Amino acid sequence: MRAFDYHQAVDSGQAVEQAVRRDGAKYLGGGTNLVDLMRETVERPEMLIDVTALSRDIDETDAGGLMIGAGVTNAAVAGDARVRLRYPLLSRAILTGASAQIRNMATVGGNLLQRTRCAYFYDVAASCNKREPGAGCDAREGFNRYHAILGASSSCVATHPSDMCVALAALDARVHLLGPEGERELAFNDLHREPGERPELETELRPEELITAVELPPLPMAVRSEYRKVRDRASYAFALVSVASMVELDSNTEDETIADVRLALGGVATKPWRAWQAEAVLRGQPATEETLAAAADAELAVAEPLSGNAFKIELARRVMIAELSQRIVDARKGGES
Amino acid sequence: MSPFTGKTLEDKQPGVALSGDYWRPDGRPDPLGESGRQGIGAPLSRIDGAQKVTGGARFAGEFRFDGMLYAALAYSTIANGRIVGIDTRVAESMEGVALVMTHENAPRLNTPPVFLRSPDGAAGDDHPVMQNERVHWNGQPVALVLAETQEQADAAAESIHVAYATESAMTDFEMAKTQAHEPDNVLGGPAEIRVGDADAAFETATHRIDATYTTPRHNHNAIEPHAVTLAWEGEGGNETLRIHDASQCVDLAVASLAEVFGIDASRIHITSPFVGGGFGGKTLWQHQILAAAAAKLAGRPVRMSLTRKGVYRVVGGRACTEQRVALGADDQGRLTALIHSGIAAMTRHNNLPEPFTQATKCLYGADNIRLAIEVADMHMLANTFMRAPGESVGTFALESALDELAEQLGMDPIELRKRNEPERDPTSGLPFSSRHLLEAARAGAERFGWSERASQPGSRREGEWRIGLGCATATYPYMRMPGAAARITLDAEGATVAIAAHEMGMGTATVQTQVAAARLGLPVERIRFRYGDSLLTGRVLAGGSQQTAAIGGAVIAAQRALVDELLGLVDADSPLAGLSPAQVECRDEGLGVVGDDSRFETYRQILARAERAELVAEADAADSEELANWSMHSFGTIFCEVGVSEVTGEIRVRRLLGSFDCGRILNAKTAASQFRGGMIMGLGLALMEETLFDSRSGRIMNPSLADYHVPVQMDVPEIEVMWTDIPDPHTPMGAHGIGEIGITGVGAAVANAIYNACGKRVRDLPITLDKVM
């Protein structure tokens, strides 16, 4: 790691000002990913602007949702009683990630911007288009068990590693930003980019823009939401496949149908993956095995396996079907009570 | 009530007569092996436990010297070729940097002697260390920086740019295998062993299993990364090299470093009071040599603490293997043919063909046996010893194949093993010194509830989980290497036992204190066990699970010398006057006549009467003749229960039990901990450990504990361990070392349980969910 300057911001406006003034500055959250990357010399910032003291509250919104400050720790979000009651999958997703120590440090804003754990991205001796545009991709023909089957391009197959983001993708969260030009909002699902020909550009953030908050809209069916993560050991590993899901049934029709659904995938895509195709197949259809299978197949129709991750297509299919089945069972129980 | 021990007559312990000739066929067993011995087997807590948990125990990277500099390494990024330029200008100009060392300015050094090839060898390979422009593996140190702080050294090392002329490298095991060849030796023995004609017998066998099993590379991940703090002390020409190392072989390391630096071994002093795990990896690698060379060049003391990644680049690990096991059996399950052969990756610069047939040499009484190991030369960091080299991965193949044969025969796997229990060692023909494998298996099966196992795979389920049971045999040889010696110093306070042995976390200091107390008839509080210092007597490797026996043998010899000295001191007034060593025993803090309670004198009385403040006795351990007279091994059976998810293929080990036959257990607490630790490492081997060695570049791509998976707390179920506690009459204390047996058999027990759960036979480690789903 090389030497860098450190600045502790007192408010968001001042943080952005400081970032504009200084070339090579980066915002610092809990540092659980950025500092690692600095140790590996993948990131070489001139200055770190510590924004962890800013926006550390979780507030009710007028709309009936929650506004989570970007500086709130992952542990605080997971432990928040309102989150656990109204958005349990967010709590579950966070708790399946990392370790207690890391969750105590990591912030919401930092989690959104954490970078892939592709081994070739992390090793500066390897070729990586994300780290060094145009250098080539050693992962495509190398170790790619943890890599994407969805949303990849010829230039990059790296997965987005976050669990929390998969939950946010399912929850239709919104991201609040502050930049030199002022405040703006983005739908969470528009925040991350697929790599295309520019894998070094991972989000739609403009230069010096700072994430100030993540907003969860009200979503009644999220009370019965879940997050299932499949990985190579029982804890402390990134997802091979993860599924965030919730289902609303319409029991008034003759055949029980799926009134509404949210489905998102982790571990399989270059960005937190909202399963739009599957949702489209599910909505309004009978809550049967056939519907669930058709939905999973629709989502995975464009999946492209690499040398080491073809199993993920079948694994994602199975976990999607199993999870949706369970949500339907849960929804029936919820309807009865 | 005894005035010496505070014990009542009922507690009175029998004395310990001198142990002499346990190694002879007609010899007398060491009396400490007898059951009911005070202290032996007791679950004494670690004597250094408080020190360790309060931070009082200092490890190699925690010592300091005045004026000490911190070292960082730059590593090669190619697997084979030449350095054609190193740009160190930026590094040299950086704040705090005192020295940048490359092959261009490094002091001239001799090539290090290789472990198991040279009698003084402690080194992992025989490459010259930073002496020329050659690069031999991806990750080889190519430059070293010394700076005033670790951060400055790290930053400077990262700024060094190296230009290479790359040459073609053999980094693909599949390709290397096509040129596999027989090594000149395997652990000093032949690479091929034949009994009868196994290939012919296999062809005509009624029942046959012929399968290929593959195991990946593994890396050492001791909790303490390798570190060394050292200084050249004294003036020109007569300097001594003082080293705080994390070592499992202080004496061998001294001998090797003496050769590398061309100085007399008496001018090197290594201490290693605490080691945070060794497992075969804490020997001599480039970091100690480079740190000493840089310290010499800079004229200042140096600390080098390898990063975790640095350990992966500099310290070798377990080689990958491809093994064939072919079993032929008759209708009764009697093995008529046993073939275990295969290929392991190796380099041309080390001497460890991963000895995966070791366990097969002694386990089953097949009529015809052929064992053969070949090696595939690769451009990689030299592979090395890692907890039960050979047995850990070899038993995965052999014991999986046994399970497959049992399935084919429709026979219980334990019954099959029982029917092939040999009367004598099937390959050496020697009698076993102590073999109670069937007793251990029976007791373990009963405790585990083996009889509840459904013979039909996939019979038991709980929700989406299919449940299965599996078992496998564990085994590891008994060894007692030459070179051990011990010194006992007796004074008014008690006894100090000193030997150049090692405490790497397994409990040596505790157990040897217990043993010495029992042997000398002293309370444990009166024993001081000194170790981990090359100035102490003897050469004891903490490896091959041999240290316990090696120390034991040396202390037996030293006790005899001590008793000789004591009897030489007694005068005519003493109740011990005129006795020979054979007539006396150590008891109640003194010496007494065997079978005569009235003739006794305390050590203090003897010393006082002779007006001696202390008495020193030192002796070499007897030669390891027992190994020529018997086939000597530890045994055990591992039982495992797994759940396999029908949806995801996820595997959860729900129960694990090890039932062992390892002679007399010396400390129930530290032993249980060692068994469990080994078994947990076995779970890692079974389910997750794998070094990702990129076959294009020869580079290890997961050099961190985030990416190289070992079991975490949630992967480890409750583990039960039990033991026969039957002493081996031909070893010191009747004991066997137990550091390695725990990992053996676990891979197969898990694989066999998975098969029983879901009917999927996985022959390729690690068993990840994609291989099962």
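Here B:Val716 fulfils each of the conditions (1) more than 18 Å from B:Ile223 (Cα to Cα); (2) touching a strand residue (DSSP E or B) at 6+ places or on another chain (Cβ under 9 Å) apart from (1).
Quick check on A:Arg103: is it crowded, with 18+ Cβ neighbours inside 10 Å, assigned to a helix (DSSP H, G or I) and more than 14 Å from chain B (Cβ to nearest Cβ)? Spelling it out, A:Arg103 is indeed crowded, with 18+ Cβ neighbours inside 10 Å, assigned to a helix (DSSP H, G or I) and more than 14 Å from chain B (Cβ to nearest Cβ). In the set (1) touching a strand residue (DSSP E or B) at 6+ places or on another chain (Cβ under 9 Å); (2) without any contact (Cβ under 8 Å) to a residue 40 or more places away in the chain, A:Ala81 fails one condition alone, (1). Assess whether A:Cys156 counts as being within 13 Å of chain B (Cβ to nearest Cβ) and either out of contact with any Phe, Trp or Tyr (no Cβ under 8 Å at 6 or more places or on another chain) or not basic (Lys, Arg) (or both). No; evaluated as a whole, the condition is false for this residue. Here B:Val260, B:Val325, B:Val315 are screened, and the one residue that is surrounded by fewer than 24 Cβ atoms within 10 Å (Cβ to Cβ), within 29 Å of B:Val375 (Cα to Cα) and in contact with a Leu (Cβ under 8 Å, 6 or more places away or on another chain) is B:Val260.
Residue-level check: of (1) without any contact (Cβ under 8 Å) to a residue 60 or more places away in the chain; (2) within 14 Å of chain B (Cβ to nearest Cβ); (3) farther than 29 Å from A:Gly196 by Cβ; (4) of a type outside the set (S, T, N, Q), A:Ala296 misses just (3). As a summary of the residue check, B:Arg82 satisfies the conditions (1) in a loop (DSSP other than H, G, I, E, B); (2) more than 31 Å from the chain's Cα centre (by Cα); (3) more than 13 Å from chain A (Cβ to nearest Cβ) except for the one numbered (1). The requirement of being more than 27 Å from A:Asp172 (Cα to Cα), surrounded by fewer than 16 Cβ atoms within 10 Å (Cβ to Cβ), within 14 Å of another protein chain (Cβ to nearest Cβ) and among the basic types (Lys, Arg) is not satisfied by A:Arg21. Each residue in the stretch B:711-770 was checked for being within 14 Å of chain A (Cβ to nearest Cβ) and surrounded by fewer than 20 Cβ atoms within 10 Å (Cβ to Cβ), and 9 of them qualify. Filtering A:Gly182, A:Gly142, A:Gly136 for residues that are small (Gly, Ala, Ser) and touching a Ser or Thr at 6+ places or on another chain (Cβ under 6 Å) leaves a single hit, A:Gly136. Scanning the stretch B:377-405 for residues that are among the hydrophobic types (A, V, I, L, M, F, W, C) and surrounded by fewer than 24 Cβ atoms within 10 Å (Cβ to Cβ) gives a single hit, B:Leu405. The set of residues in the stretch B:214-247 that are within 30 Å of B:Ala751 (Cβ to Cβ) and assigned to a loop (DSSP other than H, G, I, E, B) comprises B:Pro216, B:Arg217, B:Asn219, B:His220, B:Asn221, B:Ala222, B:Ile223. Residues that are within 14 Å of another protein chain (Cβ to nearest Cβ), touching a Lys or Arg at 6+ places or on another chain (Cβ under 9 Å) and of a type in the set (S, T, N, Q) within the stretch B:670-706 comprise B:Thr691, B:Ser704, listed in sequence order. Any residue in the stretch B:155-162 that is touching a strand residue (DSSP E or B) at 6+ places or on another chain (Cβ under 7 Å) and exposed (fewer than 15 other Cβ atoms within 10 Å of the Cβ)? For the stretch B:155-162, residues touching a strand residue (DSSP E or B) at 6+ places or on another chain (Cβ under 7 Å) and exposed (fewer than 15 other Cβ atoms within 10 Å of the Cβ): present. Against the definition (surrounded by 23 or more Cβ atoms within 10 Å (Cβ to Cβ) and either among the basic types (Lys, Arg) or more than 30 Å from the chain's Cα centre (by Cα) (or both)), how does B:Gly468 come out, yes or no? Criteria met by B:Gly468.
How many of the residues in the stretch A:24-56 are in a loop (DSSP other than H, G, I, E, B) and either more than 14 Å from every other protein chain (Cβ to nearest Cβ) or farther than 15 Å from A:Gly109 by Cβ (or both)? Going through the stretch A:24-56 one residue at a time, the tally reaches 17. Taking the criterion of being of a type outside the set (S, T, N, Q) and assigned to a helix (DSSP H, G or I), the residues of the stretch B:560-592 that qualify are B:Arg560, B:Ala561, B:Leu562, B:Val563, B:Asp564, B:Glu565, B:Leu566, B:Leu567, B:Gly568, B:Leu569, B:Pro581, B:Ala582.
This table checks each residue for (1) over 24 Å from A:Arg84 (Cβ atoms); (2) in contact (Cβ under 8 Å) with a residue 60 or more places away in the chain.
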site	(1), (2)
A:Leu219	no, yes
A:Arg228	no, yes
A:Ala234	no, no
A:Leu240	yes, yes
A:Ala244	no, yes
A:Val247	no, yes
A:Asn252	yes, no
A:Asp255	yes, no
A:Asp260	no, no
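In the set (1) under 19 Å from B:Val563 (Cα atoms); (2) in contact with a Ser or Thr (Cβ under 9 Å, 6 or more places away or on another chain), the condition left unmet by B:Ser534 is number (1). Among the residues of the stretch B:119-149, which ones are surrounded by fewer than 16 Cβ atoms within 10 Å (Cβ to Cβ) and within 12 Å of chain A (Cβ to nearest Cβ)? The answer is B:Thr149, and nothing else. In this structure, B:Gly310 does satisfy being small (Gly, Ala, Ser) and either in the same structural domain as B:Asp694 (by TED's automatic domain parsing) or outside any loop (DSSP other than H, G, I, E, B) (or both). Within the stretch B:158-195, the set of residues being more than 14 Å from every other protein chain (Cβ to nearest Cβ), among the charged types (D, E, K, R) and not in a helix (DSSP H, G or I) comprises B:Glu167, B:Glu182, B:Asp184, B:Glu192, B:Arg194. Taking the stated definitions as given, is B:Val653 among the β-branched types (Val, Ile, Thr), within 11 Å of another protein chain (Cβ to nearest Cβ) and in contact with an Asp or Glu (Cβ under 9 Å, 6 or more places away or on another chain)? Yes: the conditions hold for B:Val653.
Name the single residue, out of those in the stretch A:109-141 being in a helix (DSSP H, G or I) and at the interface with chain B (Cβ under 10 Å from one of its Cβ atoms), that is surrounded by the most Cβ atoms within 10 Å (Cβ to Cβ). Result: A:Tyr120.
The values are calculated or read from the model by the stated rules, or taken from the named source; none is laboratory data. Values in this document were obtained by computation on a predicted structure and should not be read as measured data. Virtual Cβ from ideal backbone geometry, glycine too; neighbours counted across all protein chains shown.
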